[in-house]
Each structure stands twice: as C-alpha cells, then as structure tokens.
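The values are calculated or read from the model by the stated rules, or taken from the named source; none is laboratory data. Just so we're clear, the structure is a prediction, and the values are computed from it rather than from any experiment. Backbone-built Cβ (ideal geometry, glycine too); neighbour counts: all protein chains shown. Each accessible area value is taken on the protein alone, full model and side chains, heavy atoms only, with ligands, DNA and RNA left out. Shrake-Rupley method; radii C 1.70, N 1.55, O 1.52, S 1.80 Å.
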Amino acid sequence: MALVYPTPTVHRRYSLIGGRIQQRIRYSWRFRPVRPGKARIGAFRLQVGDQTLATEPIELTVYDAPTAPPAEVAPDASAVPDLFIEATLQPTRPYEGQQTVLEYRLFFREGLQVWRSRLVGSWETEGFWREELEVEDRPLPERVLRNGAPYYTFVLQRIALFPTRSGTLRIDPLTIESEVSLQPDPLDPFATLLRPGPSEPQRVTAPALTVTVQPLPDGAPPGFVDAVGRFRMEAETSPTEVASGSRSPSRSVCPARATCPR
C-alpha cells in the first residue's frame, strides 16, 4: 500500500448529548494499492496528555482487477444514484422531552462537485421543539463506500429535537437543491474550485421519518416539569475573601431547558 497524502484529513463532529457538548475527531489517510497480495496498515497512535491511545493494525487483501472475487464486482452504474441523503436519529426511541439528534448527510458520486446546497419548500417537525446545531460552513467531504460504490459525503444539517408529547410523530421529508457539475479530477473533490465547469441545479429528497416517542415513566419527583436528561448546576464566587460591606460578584450556571430558581 502506498500513502497518497502524508498529511491526514481531520474531521471534527460536535454533538449535544444530555446537556453536554461532545467532540469526536477522525483522522483519515488515503492509500493506493500497488500490487496484489496481503497488505497491512500499522497501528495508529495518538498522545493525549500523558496517555497514549492506539488502534489495532488493519490487514487487507489486494486483488488483481481481473481476478477480484465476485462480491467485489462494481454495481450497475444505472442502479446507483449520483446524489442521495441519509437521515439518522439518535436515540431512535426517545422519551417525551428527551433530546434526540437528527442528522442529514449528503452523498455524491466520485467525479461530481456539489455546492450551494439549500432547503427547498417547507420542512416541519410537528410535535417537536427543535434547535439547529452548528455544522461546518465549508465542510471537507469524506470519502466512503455505499452499496459498493465510492461516494463523498458531508453533513448538511444537524438538529436537536425535543418531543413535546409521546406517541408516533412524523418528521417531514427534507428536499434540498444543489449546484452539481463534473470535476476534472475524480480523485480530487475540490478540483473545480480551481477550474470550475458548467453546473446545473439538482434536487434530492430525504424521505419522511416516523419516530416512536415513549411516555415518561411513573414516579416523577415533586416539582418535575419537563427536563429529561443529565443535568448539573454549579455556583461560584470570586474573590473568596472580601471586606465587610463590599459586594462579591457570583455566577450560577443552569443547564438549558431546566427549571432553575431565580
């Protein structure tokens, strides 16, 4: 295996879970098979403070193109879409009032360049209170395989949903329109940024989602309103030593959607 680029691509993903922001970091390298046989990609090690994290090595088998096993045969190009959207929901069966994160991810075939993606028409999430989460304005597409075909993908939207009632709720289909063009170099998803070609708008729709929202269990403590999740309250004062009659500023932090004293 030959390393195509020595510098990895870094993908950062932020999510709000239980009132806390979590960050996931992915490092990606691109390799090119140079000859048939067994290949091995060594362990990746990352130093975090005084702790060293490591992955397991990856073992691969590289075949000659004419002798590749039948399972590796490329699918019929006419049956593979050029563009599509995947929607994921986590958790898939939330409780009433519990946050669930909805993510829409756009996939486009190698050889295409996609930009200026925008929402078409209305999009409703009846029965949910929702809040837009931050995504990158200029995302770096990630190369993946879907249905045996290579695609590039990036996150279109990430939304925090809070169901306001239990039962079966529906999230409308999401339709976006993007400018799409062929790129000169299929291996470089940013080639047309330097040599732009003719483009045309294309629309793609993510199907509607049906979400089963579970009712809250019995036995809620007195004073419970609607906050579901893990919460933490902190209070601090500075300075801790003051003269008599002076004022000391204080600050308290209350998590979102919780009922806090004033």
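The number of residues in region 78-128 being free of Cβ contacts under 8 Å to residues at least 24 places away in the same chain and closer than 15 Å to F154 by Cβ comes to 1. Residues of region 160-172 include at least one that is modelled with pLDDT of 85 or more, in contact with a Ser or Thr (Cβ under 7 Å, 6 or more places away or on another chain), surrounded by 14 or more Cβ atoms within 10 Å (Cβ to Cβ) and hydrophobic (A, V, I, L, M, F, W, C). Considering only region 129-139, I want to know if a residue exists there that is open to solvent by less than 40 Å² (accessible area, probe 1.4 Å), closer than 18 Å to Q214 by Cβ and outside any strand (DSSP E or B). For region 129-139, residues open to solvent by less than 40 Å² (accessible area, probe 1.4 Å), closer than 18 Å to Q214 by Cβ and outside any strand (DSSP E or B): absent.
Residues that are modelled with pLDDT under 80, open to solvent by 90 Å² or more (accessible area, probe 1.4 Å) and over 21 Å from T153 (Cβ atoms): does region 204-218 have at least one? Scanning region 204-218, I find no residue that is modelled with pLDDT under 80, open to solvent by 90 Å² or more (accessible area, probe 1.4 Å) and over 21 Å from T153 (Cβ atoms), so the answer is no. Exactly one residue out of E86, E124 is loosely packed, with under 14 Cβ neighbours inside 10 Å, part of a loop (DSSP other than H, G, I, E, B), modelled with pLDDT of 90 or more and under 23 Å from the mean Cα position of the chain (by Cα): that is E124.
With respect to (1) touching a strand residue (DSSP E or B) at 6+ places or on another chain (Cβ under 9 Å); (2) among the small types (G, A, S); (3) surrounded by fewer than 13 Cβ atoms within 10 Å (Cβ to Cβ), the lone exception for G97 is condition (3).
All conditions in (1) assigned to a loop (DSSP other than H, G, I, E, B); (2) modelled with pLDDT of 65 or more hold for A74, with the sole exception of (2). Within region 1-25, restricting attention to residues that are open to solvent by 90 Å² or more (accessible area, probe 1.4 Å) and either assigned to a loop (DSSP other than H, G, I, E, B) or more than 18 Å from D137 (Cα to Cα) (or both), the residue that is modelled with the lowest pLDDT is Y5. Considering region 227-252, the residues that are open to solvent by less than 70 Å² (accessible area, probe 1.4 Å) and under 30 Å from Q90 (Cα atoms) include one that is modelled with the lowest pLDDT, namely G229.
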